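One structure below.
What follows draws every value from the coordinates through simple rules; no lab data is involved. Quick caveat: nothing in here was measured; it's all calculated off a predicted structure. Backbone-built Cβ (ideal geometry, glycine too); neighbour counts: all protein chains shown.
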Amino acid sequence: MPTPYEVLEVHPRASDVVIRAAYRCLAQKHHPDRSAGDPAASERLSLINRAYALLADPLRRARYDRSVGLAAFEQRSGRALAPAKPLSGSGAAAMRPFVFRKFA
């Protein structure tokens, strides 16, 4: 079963703004009204909603990260997480915290 970070396609060190943007993007894409008749879209939206509910609440997210979240990511990726870097005051990274990925 994928982790909530994998469901929302974000890095475990992602900020609340990035998590919310990813949720909104995926919720719009997989909404049952947009893909009528596709039962997989409804299941996917349910999974997205559960992942966002966990990651949007700071206390639940911290508890998840302490128990399984970050360890599961490190095991799957095969590398340790680098500490979070603050956004610089100037540059494109500070202006655009979320980058949309192309879906296969």
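Values computed for the structure shown
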| read-out | value |
| --- | --- |
| Net charge over other residues, Cβ less than 11 angstrom from the Cβ of D57 (K, R count +1; D, E count -1) | +2 |
| Cα pair distances in the stretch 1-69, grouped into 5 Å bins until the bin that holds the longest one, percent each | 3, 18, 29, 23, 14, 8, 4, 1 |
| In the stretch 24-62, trypsin sites (Lys or Arg not before Pro) in a DSSP loop with at most 16 other beta-carbon atoms within 10 Å | R34 |
